Amino acid sequence: MMRALALSRPSAPAQPPTVEAAPPALASLPAGHLSRARERQFATMARAFARHGGLVEGDEAAWLLRRYARLPISALARWIVEGRVVSFCRQGRRLVPLFQFTPCEMSLRPGIAEAAGALAAHGDEWAIARWFALANDWLDGRLPVDVVEADPDAVVRAACAATPAATAPAGRRALAVRWRPAPVARPGHATRWIR
């Protein structure tokens, strides 16, 4: 297990490390290939999610929830921690695909929490998000993101049938420890939609 640590000046307060698992299929690639492969994976996910509302940053998702939840940031954070919604980190930003919410009420679509929960036992958040954006044999080659609105039960069955090999091929996972400063709220900061 390799760890990359960034040294900080003694005057700066120490930040706790965050651990992100690299997708196991990519763990054996050299660093340059890893970033290119990760970018290709993200492009695939972004295209799949764009057909169903796209991706938003976490604070934008909380803003969209403001009409329907008394404490939207707390509700979204609780759903993420409990594994009830699909979200992942990319370049230090928490991204939330909108396919999992009904457009009018921003409530969770049926089947999302169950499918995400079934997949959580086998993979990290990146692998779970990718699973929704890739063709699935249990869904006759269709993407779970395309099927979940019409047939949430089929998506839940496909997620339950996913083996560890489906979300995380055999092999060791490479863990990278990154030192990241705590998020800072910036007044007037405009969030960006990623499509």
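Tabulated data for the structure shown
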item	result
Failed criterion for A43 (all others in (1) surrounded by 12 or more Cβ atoms within 10 Å (Cβ to Cβ); (2) of a type in the set (A, V, I, L, M); (3) at pLDDT 90 or above hold)	(1)
Failed condition for R195, given (1) surrounded by 14 or more Cβ atoms within 10 Å (Cβ to Cβ); (2) under 17 Å from the mean Cα position of the chain (by Cα); (3) at pLDDT below 95	(1)
Residue in the stretch 128-140 that is among the β-branched types (V, I, T), crowded, with 17+ Cβ neighbours inside 10 Å and within 12 Å of the chain's Cα centre (by Cα) present	yes
Checklist (1) surrounded by fewer than 19 Cβ atoms within 10 Å (Cβ to Cβ); (2) of a type outside the set (V, I, T); (3) in contact with a Leu (Cβ under 7 Å, 6 or more places away or on another chain) applied to S87, failing item	(1)
Subset of the stretch 59-108 (residues that are in contact with an Asp or Glu (Cβ under 7 Å, 6 or more places away or on another chain) and over 18 Å from D124 (Cα atoms))	Y68
Output for the stretch 99-157, where each listed residue is among the hydroxyl-bearing types (S, T, Y) and either free of Cβ contacts under 8 Å to residues at least 12 places away in the same chain or farther than 18 Å from G53 by Cα (or both)	T102
Where a residue in the stretch 64-93 is over 19 Å from G111 (Cα atoms) and its partner, wherever it lies, is surrounded by 13 or more Cβ atoms within 10 Å (Cβ to Cβ) and charged (D, E, K, R), with Cβ under 8 Å and at least six apart	P72/R66; I73/D59; C89/E20; C89/E125; G92/R180; R93/E57
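The values are calculated or read from the model by the stated rules, or taken from the named source; none is laboratory data. Since the model is a prediction, treat every value here as computed from it, not as a measurement. All Cβ positions, even for glycine, are placed from backbone atoms using ideal geometry, and neighbour counts span all protein chains on display.
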